[in-house]
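Participant: The structure's right below; bear with me while I get my questions together.
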Amino acid sequence: MKTTYVAGNSARRWFAPRWNVSKRDVPSVTPAAIKPSPVAAKLDDPTLVALAAKVHDPKLATLLDHLAGVLALNKKLRATRSQATYFEVKGKDRAVMVERIGVVRAQLATLGPSEDPNIVAFCVAVNHRLEEIAPYHFQLNIPTIESPEKWSTCNVTSLAMCLEVLGIGPSSYPASEHKKLLAVASVFKGDIAQARLAADGTDASLSSLMGLRFPDFLELAAVVEFITSAEPGHDEVVAAAVKAVRAKAQGPFLKELARKFGAPAKDKPIRWDPSRTRDENRETTDKLNDYDSAHRGNGGHGVEQLSTARNIAEKATDPKTKAADTKRYEALLPKQRAALEGEGIEKDLSLESYKSAVIRELAPELDAGRGVIAGLYMHWTRLYGIDGDHILVQDPGAWNRTEINLTWAEARAMGYFWATIVVG
C-alpha cells in the first residue's frame, strides 16, 4: 500500500476568516516571554488595522507594537534574499524574527473574551499573516543525516519551517539534551564548519549551534534522539546518525522531534468523504498515491515541472522574460493535461471533492496559526495558505519554489495531502 511511503528522498491572500471558526484558537505551545520589539514601526497593513479597531482590549496596543515590529523586520530581512542564499533570509535577525513571532502568538492568547467575534477575526487574520512571513528554508543542509548522494532532508526542513511559524527555534531545545547535542556536534564538526547562513559561527560550541539554520540544528537534534548514554562516544554518535538517516522521513519521528521543542504534533488524515468510513477514505488515499507516483515527476519533468514553470512565468516582471517563460509553460501544458484533468482518478476523487476536503480539514488549522507539513509523492513541504483557486506552499526542494501557488489540479496530480502533519 502506498501509504507506507516515506518522503525525503507570493501574492497576498484572504485575511478575514472564511471558515467556521466558533472560538479563537492559538497553537498549543508554551508562550514566550514578552520582550520589547527590536524594530520601532507603525502597523501599516490596512486590513489588520481595520480589524484591530474593532477589538477593545487594553493589551491590544502592546500587541500591535510587536506585530508592527515583526512585519517591519520581515520586510528588512526579505531584502537580503537572493539566489545566492537560495532565497533564505540571513543573519542574526533571522532568529530574532522567529522569537518575535513567538511573542506575538503569546500575546494573541491573552486577548479576551475569546468568543468575541471581533477578536476571532483579528486573531485569524494575524495568524494568516504570520503564516505568510515565517522564514523559508532550502533543504541543502549540513550533510550529517543526508542520504548518500542526494538531498533527503525535506522532512526536517519542513518541520523547521512549521516550528518557526509558531515562534520556536533552537533556543527551545531542552537544556537537558545540550550535553548530548555537543557530543554530536563534536563528531560532526566538519559538517558544521560548512554550514550555510549561520548567524553565530560555524564551530561546535553551544553558542554557535544556536546560530545555525534551524534545519541544520534539527539534523543534530535528530541524532540525539538515538543516543542513550549520558556521555556518548564517537562510535555511539555515528551509529545514532545512521538511525536518524532512516528515521527522519517517518511521520512518527517528525512528530516526536516537534514535541521535543514543546510543540504538540499530530497526523491529520484527510477525510475525502465524511460519510464514508476511515478505511474507505484510506482506500481513496491509496488511489491518490497511485496517481501521484505516475504524475508528480520533479522539477525536471512531470506536473511539478509544469507547476514550477507556471509560477516562474507569473512572477516574471520583465516583459521579454515573461513572454519567454509563458511560452515555455504553454509548451509543457499539453503533455500534462491528462494528469490535470484526472484521467484515472476523477471517479474516485473528483477535483471538487479533493478541494472541498482539503479546505474543510486544513483551513481551520491555518486559521489557528498552526504549522502544516504537507506530504506529496516522495516529498514534504509546508502549507501556508489556501485560497479559492490555489494552495500556497513553501517547498524546500528548490530555490525557485520558496513561495509558490499550486492549482487544485496540480496539487491532486502530485499527490498533495496523502499525508499531513499538524504542528502546534
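Participant: In segment 134-159, what count of residues is obtained for those that are within 19 Å of Gly102 (Cα to Cα) and in contact with a Leu (Cβ under 7 Å, 6 or more places away or on another chain)?
Facilitator: So the count comes out to 1.
Participant: Does Pro170 qualify as being under 17 Å from Ala263 (Cβ atoms) and more than 20 Å from the chain's Cα centre (by Cα)?
Facilitator: No.
Participant: Any residue at all in segment 215-227 that is under 25 Å from the mean Cα position of the chain (by Cα), β-branched (Val, Ile, Thr), modelled with pLDDT of 95 or more and under 15 Å from Glu146 (Cα atoms)?
Facilitator: yes
Participant: Would you mind finding the one in Val358, Val393 that is in a helix (DSSP H, G or I) and either among the β-branched types (Val, Ile, Thr) or under 14 Å from the mean Cα position of the chain (by Cα) (or both)?
Facilitator: The unique qualifying residue is Val358.
Participant: Identify, from the list Lys322, Lys315, Lys327, the residue that is farther than 28 Å from Lys347 by Cα, in contact with a helix residue (DSSP H, G or I) (Cβ under 7 Å, 6 or more places away or on another chain) and not acidic (Asp, Glu).
Facilitator: Just one listed residue meets the conditions, Lys322.
Participant: Wholly within segment 250-336, which helices (runs of 4 or more DSSP H) include no fewer than the required count, namely at least 3 residues that are of a type in the set (A, V, I, L, M, F, W, C), within 30 Å of Ala106 (Cα to Cα) and within 25 Å of the chain's Cα centre (by Cα)?
Facilitator: Here the list reads 251-260.
Participant: Quick check on my filter: what residues within segment 366-390 are touching a strand residue (DSSP E or B) at 6+ places or on another chain (Cβ under 6 Å) and in a strand (DSSP E or B)?
Facilitator: Gly371, Val372, Ile373, Ala374, Gly375, Trp380, Thr381, Arg382, Leu383, Tyr384, Gly385, His390, listed by residue number.
Participant: Among helices (runs of 4 or more DSSP H) lying entirely in segment 64-180, which contain 1 or more residues that are assigned by TED's automatic domain parsing to the domain that holds Ile227?
Facilitator: 154-164
One line per residue, one yes/no per condition, for (1) among the aliphatic types (A, V, I, L, M); (2) surrounded by 19 or more Cβ atoms within 10 Å (Cβ to Cβ); (3) touching a Phe, Trp or Tyr at 6+ places or on another chain (Cβ under 7 Å); (4) at positive phi:
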site	(1), (2), (3), (4)
His56	no, no, no, no
Lys59	no, no, no, no
Leu63	yes, yes, no, no
Ala79	yes, no, no, no
Met97	yes, yes, no, no
Val103	yes, yes, no, no
Ile119	yes, yes, no, no
Phe138	no, yes, yes, no
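Let's see how each residue does on (1) of a type in the set (Gly, Ala, Ser); (2) over 21 Å from Ala40 (Cα atoms); (3) in contact with a Phe, Trp or Tyr (Cβ under 9 Å, 6 or more places away or on another chain):
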position: Asn74; (1), (2), (3): no, no, no
position: Ala84; (1), (2), (3): yes, yes, no
position: Val89; (1), (2), (3): no, no, yes
position: Arg100; (1), (2), (3): no, no, no
position: Ser114; (1), (2), (3): yes, yes, no
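Participant: Which residues, taken from segment 209-249, are surrounded by fewer than 21 Cβ atoms within 10 Å (Cβ to Cβ), among the acidic types (Asp, Glu) and assigned to a helix (DSSP H, G or I)?
Facilitator: Residues satisfying the conditions are Asp235, Glu236.
The values are calculated or read from the model by the stated rules, or taken from the named source; none is laboratory data. The structure displayed is predicted, hence computed values, not measured ones. Using ideal geometry, Cβ is built from the backbone for each residue, glycine included, and neighbour counts are taken over all protein chains shown.
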